[in-house]
Structure formats: C-alpha cells, structure tokens
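A short worksheet on the structure shown next.
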Amino acid sequence: MQRPSNRSYSLRGNRMTRAQTLAINQHWASYGLVIDEELNLNDLFPDKKLVILEIGSGMGEATAEIAQVSGEVGYVAVEMHQPGLAALILLILEKQLSNIKLIREDATYLLANFIADNSIDGIHLLFPDPWPKNRQHKKRMVQSEFVELVARKLKPNGFIHIATDWQPYANWIKSRFDANSSFSGGIVARPSWRVLSKFEGQGLKKGHSVTDYRYIKN
Ligand SMILES: C[S@@+](CC[C@H](N)C(=O)[O-])C[C@H]1O[C@@H](n2cnc3c(N)ncnc32)[C@H](O)[C@@H]1O
C-alpha cells in the first residue's frame, strides 16, 4: 500500500524550537524508530506484557502522562508532526520514561505495510482530527478500510480505544465499527487513565462533549 493520498493529518508548520531541534538531533536515535522491515511491537518492550500503539500523539502531553502512570505498559507513538515528536522526547527526558518509542510515519501506511497481522495488543486513537466539513470527510482516519485494517492487525481480544469531542465524528465512528463483524463494543465511560489533553481541553471549552469508544476484536 502507498501512503494514502487523502491525508488524515494537516501539513501544519514543522518549525521547531531550539530545544525541540536539539531533542531530535541528540535523542532520536534512543527513542525513534526507522521502520524498513516488519515490526512486532511486543519485541520493542520484551519486559512488558502489554504494548499499545498510540496513533496521532500530537504534542505528546497525554502520551507522556499516560505512560508515566502505566509503567508496566509499553507505548509506541506514531505521529507525522515532527515538532510534536520532539516535544514528546523532551517530556520523556523530563519524566525519565523508558516505556515510549516513537515512529514518524503515516499510521495507516505503517499498519498496512510494516505491522504483522494479529500482532497488536491495543491501539489508542485519542482525538483524531475531526475534519468537520463534508468535503473533508474523506480525510478522516476512521474509514471502513481503516476499521478492516485494525481488525487484521489486532490480536484476538485486542482493543482499540477511541475518544472524540466531535459528535458527528462519534456517530461516524460508531456506524463504521457497527458495520464490521470483527468487533464487539461501543461507548464506554471515560477511563481513569485518559488524562486531559490540550485538544480535549479546547473541545470542552467550546462546550463539546466527549465520547469514548472501546472495541474489542472478536
Ligand atoms: C487532533 S490531534 C490529537 C493529538 C493527541 N492525540 C491529543 O489528544 O492531544 C490529532 C493528531 O493526529 C495526527 N495524525 C493525523 N493523521 C495521522 C496519521 N495518518 N498518522 C499519524 N498521525 C496522524 C496529527 O498530526 C495530529 O497531531
């Protein structure tokens, strides 16, 4: 599979602060992964029972906080936005975390080409870009094809947890998962591990309500 032509991320500025540039230059080799062959996420953290793929870690504040309180879990953050990855490296250093690895890639392309089928314990997709306008809907990450891809890549009983503050996207997500017989699940209460991210805070300020979904692969 090629990288999707309907990108689910915006090509917003890749300008980095001096600290972010230094973080990438000095520490990418320790935390970043360059993927050129099939990858088993569990092999990255041999001492962890559970490894979560976090799709679209943004500026990494939530990722770092979640990883800090769940030291027994390994996290692989996949994000296209270079300053966000750099910001996450700075948080990893500040909090002295040893359970996060980073990948700069389109998550759909990564899943389709480099992750073995039936190999992922769990996926977090927290506040994916809602692409609210009708003409942008094709850019939404959650499409029927994405749901099929996730079904292929999760282990049996593996899960995907999705949170969104955009109600029309919540409905869209539900209808795509409901249409796929590989999954059971649906709306769940906000889990205690899901800390408030900047994106969520912005949504709440605008009066949005947040929906959490948890789907389990049958
Ligand atoms: C709205 S932000 C949410 C960030 C974070 N999860 C949070 O809750 O603060 C969505 C993020 O997903 C990233 N993203 C969108 N499509 C992606 C893709 N195909 N692969 C990797 N990252 C992607 C964007 O670059 C953006 O940083």
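The values are calculated or read from the model by the stated rules, or taken from the named source; none is laboratory data. Computed from a predicted structure; not experimentally measured. Note: areas computed on protein heavy atoms with side chains; ligands, DNA, RNA excluded. Shrake-Rupley method; radii C 1.70, N 1.55, O 1.52, S 1.80 Å.
Of note:
- When each of 48/101; 138/174; 49/155; 48/155; 95/205 is checked by Cα-Cα distance, pairs over 18 Å: 95/205
- One decimal place: the segment residue 26-residue 167 gains 46.7 nm when fully extended, by the rule 0.36 nm per residue minus the C-alpha distance.
- Within the accessible surface of region 35-217, defined with a 1.4 Å probe on protein heavy atoms only, the carbon and sulfur portion equals 50 percent.
- Paired Rg and Dmax values of region 1-123, which use every Cα atom, in angstrom: 13.9, 41
- Accessible area of the chain divided out per residue, in Å², using a probe of 1.4 angstrom: 49
- Computed [θ] at 222 nm, deg cm²/dmol, the chain (DSSP H ≥ 4; -39,500 (n - 2.57); rounded to nearest 500): -10500 deg cm²/dmol
- Overall dimensions of region 35-217, expressed as equivalent-ellipsoid semi-axes from the Cα gyration tensor (√(5λ), whole Å, largest first), are 23, 20, 16.
- Rounded to whole numbers, the Karplus 3J(HN,Hα) couplings from phi for region 104-119 are 9, 6, 6, 4, 5, 5, 4, 4, 5, 10, 10, 10, 5, 4, 6, 10 Hz, using 6.51 cos²θ - 1.76 cosθ + 1.60 with θ = phi - 60°, and x at Gly and Pro.
- Relative to the current alpha-carbon distance between residue 95 and residue 204, full extension at 0.36 nm per residue lengthens the span by 36.6 nm.
- Gaussian network model of the chain, Cα within-10 Å springs - most flexible of 143, 68, 202: 202
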